[in-house]
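Comments concern the structure below.
The values are calculated or read from the model by the stated rules, or taken from the named source; none is laboratory data. Bear in mind that the values here come from a model prediction, so they are computed numbers and not experimental data. As a convention, Cβ positions derive from the backbone with ideal geometry for all residues, glycine included, and neighbour counts pool all protein chains shown. In case anyone asks, the SASA skips ligands and DNA or RNA and just uses the protein heavy atoms, side chains included. Shrake-Rupley method; radii C 1.70, N 1.55, O 1.52, S 1.80 Å.
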Amino acid sequence: MLLHLPRLLFTIIREHFILKKIIKEHNIDIVISDNRYGLWNKKVKTIFITHQVIIKMPSLLQVYEKLVYKINSHFINKYTECWVPDITGEGGITGELSNKYDLKIKKTFIGRLSRFNNNSIQRKESYDNDFLAILSGPEPQRTIFENILIDHFKNKEYKVLIVRGLAGITNNMERKGNIELINYQGTEHLL
């Protein structure tokens, strides 16, 4: 992650100046940013959506967690509000990621966001796979996690389906023993 920091900072600065130009050209009133740190502006209302107010550090780097939180919250606090896609209290799934520390700006829990609507889910009596993993997130962490899952499940008796979350890649299906890997899958196929 440290190696990617200069590129990340450059992207944040670039996003900020591009947004400034877009706001001026199109008379924008509000900007909602899905975890994009550079999309804030003092002239309009800006909302940052994240479940990760703090970034959990590996045990060897735990001592730096508070410092990383201060850096992360520095960028989040540039926004007008922060929306957390979860519920507060018991039943919330983000835990310390969104509850351990506060922000200077208003933080609102907006409920869980999912492409699955409880009204549209029709549960099957049985499923073809024992495990389903749906991956997303930035590289290289997404691929690292995919490889951890493959190493864990290979040579086991389970039937495993891993949806890689790679929407733009055409080679859609690959099999590695008991593991089926699909680059992308629509909601209707995941139910």
Checklist entry - Tell me, what % of the accessible area of the chain is carbon and sulfur with a 1.4 angstrom probe? => result 56
Checklist entry - Taking every DSSP beta bridge that has both residues in the chain, what percent is antiparallel when rounded to the nearest 5? => result 15
Checklist entry - lysines near Lys104 by alpha-carbon distance under 19 Å, same-chain residues fewer than 8 away left out - which ones? => result Lys42, Lys43, Lys45, Lys66, Lys70, Lys78
Checklist entry - Along each of its three principal axes, how wide is the spread of alpha-carbon positions in the chain, in whole angstrom units, largest first? => result 55, 42, 39
Next on the checklist: Can you give me the long-range amide H partners of Phe109? Hydrogens built in the peptide plane at 1.01 Å from N, cutoff under 5 Å, separation of 5 or more residues or another chain.
Outcome noted: Val84
Item to check | With Cα atoms, 0 to 90° folded angle of helix 5-26 axis to the chain main axis | outcome: 60
Checklist entry - Given a 1.4 Å probe, how much area per residue of segment 48-91 is accessible, in Å²? => result 56
Checklist entry - Amide H to amide H under 5 Å from Ser33: which residues, 5+ apart in sequence or cross-chain, H placed 1.01 Å off N in plane? => result Ile47, Phe48, Ile49
Item to check | Helix 141-153 vs. the chain, principal-axis angle (Cα, 0 to 90°, nearest 10) | outcome: 20
Next on the checklist: If you count only protein heavy atoms and use a 1.4 Å probe, how large is the accessible surface of Arg164, to the nearest 10 Å²?
Outcome noted: 30
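Which is the longest stretch in the chain that no exposed loop site breaks, taking sites as GluC sites (Glu not before Pro) with a DSSP loop state and at most 15 other Cβ atoms within 10 Å?
Details: sites that count: Glu90, Glu125, Glu157.
Free of exposed loop sites, the longest segment is 1-89.
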Next on the checklist: Using a 10 angstrom Cβ neighbour count of at most 16 plus a DSSP loop assignment to flag exposed chymotrypsin sites (Phe, Trp or Tyr not before Pro), which longest range of the chain is free of such sites?
Outcome noted: 1-100
Checklist entry - Where does the chain land at 222 nm, in deg cm²/dmol rounded to the nearest 500, when only DSSP H runs of n ≥ 4 count, each adding -39500 (n - 2.57), divided by all residues? => result -8500 deg cm²/dmol
